[in-house]
Structures are given as structure tokens and as C-alpha cells.
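No value in this document is a laboratory result; all are computed from the given coordinates. Everything numeric here is computed off the predicted structure, so don't read it as measured data. Note: ideal-geometry Cβ built from the backbone for every residue, glycine included; neighbour counts use all protein chains shown.
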Amino acid sequence: MPISEPILTLCAPEPQPATHRLLREAVPHLTVLCRKTPEYTLIVGDAPVFTGEPLPNHPEGYRLTVATEGLHAAALTARGLFRAAATVSQILTAQDPVPSFVADDTPAHPMRGLMLDVSRNRTYSLQTLFGIVDRMARLKLNRLELYFENVFAYRDHAEVWSNTTPYTREDIRALEAYCADRFIDLVPNQNTLGHFERWFAHPTYLRYAELPEGGARTPWGSIQAIPTGIATADPDAVRFVGGLLHELLPCFSRATVANLGGDEVFDLGQGRSRGRDRATLFVNHLRAMADIAAQYGKRPCFWADMLIRHPEIIPLAAERLPEAEWLVWGYEATDPLAASAEKLRAAGLHVSVAPGTSSWRSFCGRTANMTANIRVAAAVPSEGLLLTDWGDAGHWQPHAVSLPALVLAASLAWNPEEEPDIALATDRLTGCNGLGTFLLTLGDTAQLANAEGSNATRLFQAYNLPPEKAPALDREALLRALDALDTLERDGRALGDRIEAREARYALALQQLAMRRALGETGLRRFRARVAAQMELLWHERGPTAGLADSLRSFLAPRLP
């Protein structure tokens, strides 16, 4: 609905600075006039107002009328008006004419969120997080989680975070206020049972481990060499974890939910609690953590994989944790998210789904898997959709690689029936024309090379493993994919100099390096040094460099000819 001189009237009982700002940032040439009225409305031109039916009775819902004469949006709440503003800004910047319509718009998933891994070396600066929150607001997302393991500045545990740049209480309060101003809930996310590897690396904390010597058997038949899980039968260990929550949760004064983890506890019952009932150990521990969360007015949220792998736990979890939110995660297109969610719902549990960006352990994403995984997740009837962006194996992939997934997840979490133009939406979100197509095409090159894998690409594995242990790859397919990368590299030069464009070109260079190593090319050390220099520069722009040394060390570790 391009308008030569768009003038919008923003009406509300009280000032709406966030809505005003969203509109102006999305449509810089827009003139916004503010009026104090009993209703929450946005008006452009003389669109007819349909008053015969009540407005959508939903805190984020609104009615939108688009006609040749203009546009009218109305909501019952300030939050609903803010969501309407996100849609209105898209309409006002649309290149093609928008047909006339009247629609009541409400989200399919009440919770629509993003979880950022900030514990695998890469810690984003507040400025970077503010920018991510602004984009989340434009995409009508309403929840942000930062995945903590050891990157919060706990007062008595500096030994664990001293080699990081941890988030402080002041950081959290500043980010929470920024989120709240954009109607986004900042939710604490601290694992309280598994993934304590970074804590147990210090003798001070190893005494709290279920299996201090390591060696847990995993569901995939492998052995987990290092200790990871808390000794749930040890009162001192439980008090230690509870103490973390007592310090962390008050920092999130507005949050009504706390993600307390509980995933991948493979050593549960294999060490100090051997012989005890696993279901009781698991649920008792989570109940103790949930009780602490309740003291701070927060509903507990847990990952659901242990329930799905061990269905004997489900009845006890339903009985002891009836209020909890359970996140059913799965990151492959073939993962049975619908069946897993239904199994938990049938037991009376509250269920949300958690697909992934498919960025980690890939260099540049896995487009086909990402789109299929998110579409499957969005189609599952649930209370929410949380897109997860992990940083496994050093978080080499840059943030830009995850942007198409963010666009798609936000769109389908609001309306699973929508067919969004992911490339165009990515371009509009970043202001970088051509970026969306570039990233989506780049993310397909592992598939073009017949090098897709599970929770990784085989190219990623081929780069990291010695040649004698690397997966066998099709040489002809690799050559075709490398040619495609060369063509894409030429296109990438036209993307400009925004950080997202530079990150996209860096991700392409990572993929080129992996393919050339898989092909057995020589003389790659100089090329890798240039790629490492790009990694370092971009890392500095996105946040602190405390974890960069570890990521660079692992990136430079493979021996190249």
C-alpha cells in the first residue's frame, strides 16, 4: 500500500512511545500524529470502520481494515495495538498493491519466542541484544531467553565465569526494561540439572556431580566422557543449584516464567544415585527448583526430552508439576514433534514446541532442514513456539545465518497457514537488499554437496576431523557446490557493508574452506588465516571477546596441508 505522503494517526488513552517508534523506524518517511482517545486505533486516510462486532478479545489481537480510501486498525489493549503497528508498517512499505480486506488477527501460538545461546563462547553485547529485540518486535515475537550455563555474574562463583564476560544484574535489568517497552517478556534460562560441564571443570564444583569421573551412557550408544549432571540425591548439590536461582530470578522482576532446563541428563541414576528410581529423582529435583521459582512469582518451564525418552516419568511429572510448561524440542525435519507433543498433552501437561535455526555445526545454515523443521513445529497445536539458536562447537556461525529462520518462525508462530516470502522479509528486516536470497541459497550448499547430516553437516565434520576419520563425500557433488559458492561470492559483493552482509560473506568463506579441505586442496592455511581474521573482527562487533580465543583455538586446530 505505497502512499506518497503517509500520515498516520495514533490514538490511545495514554502515550504509546513504543508503537510510535516502531512505526517511524519501519517507515522513516511516515508522519505520526498522536491523539488521546478512549480507543486504541491506528488510522491512515479514510478507511471505513466496522463497528458492528466486538474487537478480538485477545491481549495481542486486533482488527485491521484495508481499503482504497485508507487503513484502520483497532485493538482492546496497548499490546494489541503494538502488534497491529507491526503489520501496518509492513503494509505501508509493501511494493505491490494490497487488496481491500477486513480481518481479525490473533496469534495461533500465545508464546512466540527466541532463545539465544550465550554460553558457548559467544556472548552478545547489550547493544547487539537491543537490536535483536527491535527486530523481534517488528516480527510480533513476545519472548526472549538467554541460555545461561556459566555466563551470569553470580557473586560467589567468579571462578566459573572469570574467563567470560558475564551478564550482570544491571545488564539484565537494562535488557528487561528494553524488552518490556516493546511488549517482549525477558525470561530467565538457567539450567538446573544437566549441562554443568563448565562448572564441573573446576574442582570446587565437581563434588556436586552425579558422575564425577564421567562416562555416562547416552541414548545414542556413545559414552559422555565428562561429567555433566547434578547429583540430585545430594542435598548439598540441590542447595547449590537453588542458590543460583535465589540470586538470578530476582533480577528478572517482570518475568512470570523461568526456564529451568532439565535436558539431556544422561548420567541421572548412573553414579551416586545408582539404584534409585530415576523418575522420582528427576521429578523431585525439578519440583524443588519449581518451588524456588514460585517464591519469585515465576511459573517453571522445562525441556521435555527426558520425559519423551523415559515415558515412565510422565505420570509423576503430571502429578507433581501440573503448572509447568514443557518444551518439546527437535531440530531435524524428521523429528516427531507432533507425536511427542500429543503424548505429553494426553497426560495433561502444558506443551510448547522448540524448533531450531539449523545454524550450529553447519558454518552457514541448513536451509531445507530449517524450513521443514519450523513448519512442522508451527503446525503442532501448542501453547507456544520457541525458536532455539544454539552455539554448539564454538559458535563459529555468525548471527546473520539465523535471520531467515527467525523470520519464518515468527510468521508461522502467528499464522501457521501463511506462506511468507522469507527472502523478501529478511531483506526488509535488515535493510539489506538481496541478503535473504543470499543466505537461503548459501544454506542449501551443503545439501547440494550431498553433505547434509544430523544436527550438523558432514562438511562441518569433514573440516574438524582428521582426513582418515572424516566422512566420505562425493567429489563431483563437492565440485558442483564449490562452483555455486564461487557464483554466490560474486553476488555477495553487491550486498553492501552492513554487518549482516559481512557476516554472510564470512559464512560463505567458512563453507568454501570446508569444501576445499574435503576436496584435499593444499595451501589452505593462508586462506584459513584470512577467515579467522574475519571471525575476529565480526566477533568484536557483536559483543565481548572473552570466548573468542577458545573458538579460534578450535577453529585453527585442524591440520591443513
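Taken over the range 507-561, the ratio of Cα radius of gyration to 2.2 N^0.38 Å equals 1.17.
Computed extension gain for His540 through Arg169, at 0.36 nm per residue and net of the alpha carbon distance, reaches 131.3 nm.
Since only Thr371, Phe282, Pro322 are under comparison, the one whose Cα sits farthest along the positive direction of the charge dipole of the chain, derived from C-beta charges on Lys, Arg, Asp and Glu, is Phe282.
Here r is the Cβ-Cβ distance between Asp421 and Glu489 and R0 is 25 Å; the resulting FRET efficiency, rounded to 0.05, is 0.55. Its residue count N sets the reference 2.2 N^0.38 Å, and the alpha-carbon radius of gyration of the range 105-145 equals 1.32 times that reference. Contact order, relative form, for the range 96-225: 22 percent (alpha carbon pairs under 8 Å, 6 or more residues apart, mean separation divided by residue count).
The reciprocal of the average 1/r between distinct C-alpha atoms defines the Kirkwood hydrodynamic radius, which for the range 7-105 equals 13.3 Å.
Over the C-alpha atoms of the range 345-473, the Rg to Rh ratio, Rh being the Kirkwood estimate, stands at 1.02. For the chain, the antiparallel share of DSSP beta bridges with both residues in that region comes to about 40%.
Under the criterion of Cα pairs below 8 Å and six or more residues apart, the relative contact order for the range 333-407 equals 39 percent. Between Arg35 and Asp234, full extension at 0.36 nm per residue minus the direct alpha carbon distance yields a gain of 65.6 nm.
Normalised by the number of residues in the chain, the average gap of Cα pairs under 8 Å and 6 or more apart makes the relative contact order 11 percent. Shown for Leu403, Leu495: other C-beta atoms within 10 Å of each C-beta, ranked fewest to most, produce the order Leu495, Leu403. Give me the aspartates and glutamates in straight-line cross-link reach of Lys36: C-alpha distance below 18 Å, same-chain residues under 8 apart excluded. In chain and number order, the partners are Glu14.
With the cut-off at under 17 Å, measuring from each backbone N in the range 316-332 to a point 7 Å along the Cα-to-Cβ line of Thr256 picks out 323-326.
Kirkwood hydrodynamic radius, computed over distinct alpha-carbon pairs, for the range 111-420: how many Å, to one decimal? For the range 111-420, the Kirkwood estimate is 19.6 Å. For a straight C-alpha distance cut-off of 18 angstrom, the aspartates and glutamates reachable from Lys298 (same-chain residues fewer than eight places away being disregarded) are Glu145, Glu176, Asp185, Glu247, Glu323, Glu325, Glu383.
Size descriptor for the chain, Kirkwood hydrodynamic radius: 24.9 Å (Cα pairs only, one decimal).
Shape descriptor for the range 436-556: Rg over Rh equals 0.96 (Cα atoms; Rh from the Kirkwood inverse mean 1/r).
Scaled to the globular estimate 2.2 N^0.38 Å, the Cα spread of the range 245-306, given as radius of gyration, is 1.25.
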